[in-house]
1. Going by average Cβ neighbours within 10 Å, how do the peptides 132-141, 35-44, 66-75, 95-104 rank, with the highest at the top?
2. Between helix 5-29 and the chain, what is the angle of the helix's C-alpha long axis to the longest principal axis, kept within 0 to 90° and rounded to the nearest 10?
3. Quick one: angle between helix 37-46 and the longest Cα principal axis of the chain, in degrees between 0 and 90, rounded to 10, please.
4. Using each residue's phi in region 135-142, evaluate 6.51 cos²θ - 1.76 cosθ + 1.60 at θ = phi - 60° and report the 3J(HN,Hα) Karplus result to the nearest Hz, with x for Gly and Pro.
5. Please give me, ordered by residue number, the trypsin sites (Lys or Arg not before Pro) of region 1-58 that lie in loop per DSSP and have at most 12 other Cβ atoms within 10 Å.
6. Once the other residues with Cβ under 15 Å from the Cβ of Pro115 are scored (Lys, Arg +1; Asp, Glu -1), what is the net sum?
7. Tell me, what ³J(HN,Hα) does each residue in region 68-80 have, in order and in whole Hz, if you take phi through Karplus 6.51 cos²θ - 1.76 cosθ + 1.60 with θ = phi - 60° and put x for Gly and Pro?
8. Can you give the net charge of the other residues whose Cβ lies under 15 Å from the Cβ of Asp48, counting K and R as +1 and D and E as -1?
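Throughout, read-outs are computed from the coordinates displayed, never taken from laboratory work. Just so we're clear, the structure is a prediction, and the values are computed from it rather than from any experiment. Note that we place each Cβ from the backbone using ideal geometry, even for glycine, and neighbour counts take in every protein chain shown.
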Amino acid sequence: MKYDKPTLAMFMGALSTIPYEIVTRILMTFGFAKYSVYQLTSFMITLDRPNAILGAIYSIILGCVLSLVFYYALKFLNHDYFIVKSIGISLLNWLTLEVIFMWLIEGRNFIPPRPINDYYSEMIGSIVFGITLGLLFRYYLFKGYKKSTS
């Protein structure tokens with residue numbers, strides 16, 4: 001069987017959205033946040049009705065794309081510090097999507113403005129996504145890679 005690393009990277013990105021959703025769902029359950037990540041991303045499709053299934057599909061697609069970008073970026077960034085680099089690209093993606101979300105959805109008053117805690121919740125979840133993706137990349141995608149000693 002042929003080992004297809006880009007497809008495996010995309011699968012890892014899809015899997016990494018699950019802990020992201022679990023963390024934001026826990027924060028939502030305890031009243032820290034108003035929406036989970038799946039509910040929040042569903043607003044990009046429905047505009048005003050949170051739906052976890054649509055949000056899951058959209059988040060999985062975004063996770064696949066982000067992990068594929070990260071996989072190809074590692075060719076330029078080197079293979080050291082997977083987790084730190086993965087958290088960095090995840091936070092950059094979160095910031096970019098948050099600006100787009102604020103401009104398109106909240107800025108046009110499709111939904112009422114979210115509490116500030118939602119931003120922290122999404123940022124924490126994004127860090128969890130980055131940690132999960134970095135660990136999966138290190139242990140399954142680049143497991144044969146050894147650090148160079150200088």
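1. So the peptides 132-141, 35-44, 66-75, 95-104, ranked by packing, come out 35-44, 132-141, 66-75, 95-104.
2. So the inclination is approximately 40 degrees.
3. 60 degrees
4. After applying 6.51 cos²θ - 1.76 cosθ + 1.60, I find 5, 4, 4, 5, 8, 10, 8, 10 Hz.
5. Taking region 1-58 and a limit of 12 other Cβ atoms within 10 Å, the loop trypsin sites (Lys or Arg not before Pro) found are Lys2.
6. Value of the local net charge: -2.
7. These are the phi-based 3J(HN,Hα) values: 5, 4, 5, 4, 6, 5, 5, 5, 9, 8, 6, 9, 8 Hz.
8. Every neighbour counted, the sum reads +3.
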